[in-house]
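Nothing in this text is a laboratory measurement; each read-out follows from the coordinates by a stated rule. All of these numbers come straight from a predicted model, not from anything done at the bench.
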Amino acid sequence: MKFWHALKHHLLNRALPHGLVSYCYLLPGQSRHIRIHRSLWLYGFPSVPLPIFLLVEGFLYLRWILFSAWVGAFRAVRRLGPAIRDREGIAIRTQFNRILKLALLHAVPPFEAYAFRLYRGDRNASVWDYVFTHEVPAFHKWRDARHG
């Protein structure tokens, strides 16, 4: 029963991976912010062997980029895009492209990209400066582990 509950919670009922996912995690010499998000991603899943973790995350990421990211981006832009277009003058298509790019490249939830105003495409605003909802449990585990 515990196994079925864990399977449902961490795999079947999730639309997102357990944190931001990026190719940057594989590159050496990354900034402190990127290293923190890599730690959050690894803390986001319960203690299981790394191959199982990577298999589950691979499945979640594929489901995200093939289906959920597209649907989420479309819904977010349809709901919030017109107000942003009217207020800030950013075209709907531009918003959709930016939101979808964040969703596909980093697994950023589209509505949160709007909340943090990442649709603007500013060079000063970085996805690495924020903790997203799907990272919050891992963030707390990570902070608690640092403080004993």
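Couplings for segment 73-83, taken from phi via the Karplus curve 6.51 cos²θ - 1.76 cosθ + 1.60 with θ = phi - 60°, read 5, 4, 5, 5, 5, 4, 7, 9, x, x, 5 Hz in order; Gly and Pro are left as x. Backbone phi angles across segment 51-56, fed through the Karplus curve with coefficients 6.51, -1.76 and 1.60 (θ = phi - 60°), yield HN-Hα couplings of x, 5, 4, 5, 5, 5 Hz in residue order; Gly and Pro are listed as x. For segment 67-146, what is the relative contact order in percent, using Cα pairs closer than 8 Å and at least 6 residues apart in sequence? Once divided by the residue count of segment 67-146, the mean separation gives 27 percent.
Any idea what % of Cα-Cα pairs in segment 6-148 are farther than 26 Å? Spell out each step's value before the answer.
Details: 2646 of 10153 pairs.
Pairs farther apart than 26 Å: 26 percent.
How big is the Rg/Rh ratio for segment 64-148, C-alpha atoms only, Rh by Kirkwood, two decimals? Mind dumping the intermediate values first?
Working: Rg = 14.3 Å, Rh = 13.6 Å.
In segment 64-148, Rg relative to Rh is 1.05.
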